[in-house]
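Chemist: Below is a structure I'd like to ask you about.
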Amino acid sequence: MIDINTILTQALTTAVAEAMLPLQQEYANKMGEMATRIAALEAQLAAQAQATPAPAPDTQVQEAVYTYLDDSESFWHRIAAFVNTRVSSAAEQLVAEAIDAHLENANHLDEDDIASLIETAIDYHEENRTHGDEDDIEEMVQKLLNGATISISV
């Protein structure tokens, strides 16, 4: 018996393979050309690197750099400035954090609290101390003058 499905599959596979053959060959040629071009560019770059030595720094620039680095006063000034900026910013941050922590945890009195405390103190003083009303003053004067003598001489 003839299997049409198999015959069609084989025919299509053969046709696709024949149609792809020129494309595959062209792809292989292009890849070969690219590899050749890359190799040529790499060789050209290597030749340029060997032919051109690294540029030497200008002697004036080199001397200026050495003078600048050898200047110890400038060096220590730069270090001190660096440390001062770092320390001052860290100190400011620590102070701000301490103030914030204090304000979160402290019970500060406001004007109403102070007025209330003063009124409480006055009330306590008036309840627990004698201030000498009129009877008390008369009694104290009598005690002082009782038995006192007065002499008048002319």
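Chemist: Mind telling me which of Leu109, Leu23, Leu144 comes out most flexible in a GNM of the chain, alpha-carbon contacts under 10 Å?
Modeler: Leu144
Chemist: Follow-up question, since we're still on this one. Report the residue, chosen from Ile38, Ile79, Ile137, that carries the largest GNM mean-square fluctuation when the chain is represented by alpha-carbon nodes joined by springs under 10 Å.
Modeler: The residue with the greatest mean-square fluctuation here is Ile137.
Chemist: Please state the Cα pair-distance histogram of region 56-128 with 10 angstrom bins from zero: what percent is in each bin?
Modeler: Cα pair-distance distribution for region 56-128, in percent: 15, 17, 15, 14, 12, 10, 8, 6, 4, 1.
Chemist: While we're looking at this one, here's another question. State, to one decimal in nm², a quarter of the convex hull surface area for the C-alpha atoms of the chain, i.e. the direction-averaged projected area.
Modeler: 45.6 nm²
Chemist: Please report the Cα spread of region 1-54 along all three principal axes, rounded to whole Å, starting with the longest.
Modeler: 80, 14, 9
Chemist: Before rounding to the nearest 500, sum -39500 (n - 2.57) across all DSSP H runs of length at least 4 in the chain and divide by the residue total; then give [θ] at 222 nm in deg cm²/dmol.
Modeler: Details: 5 runs with 124 residues, N = 154.
One gets -28500 deg cm²/dmol as the mean residue ellipticity at 222 nm.
Every number here is computed from the coordinates shown, using simple stated rules; none is lab data. The structure presented is a predicted model; accordingly, all values stated were derived computationally and were not measured.
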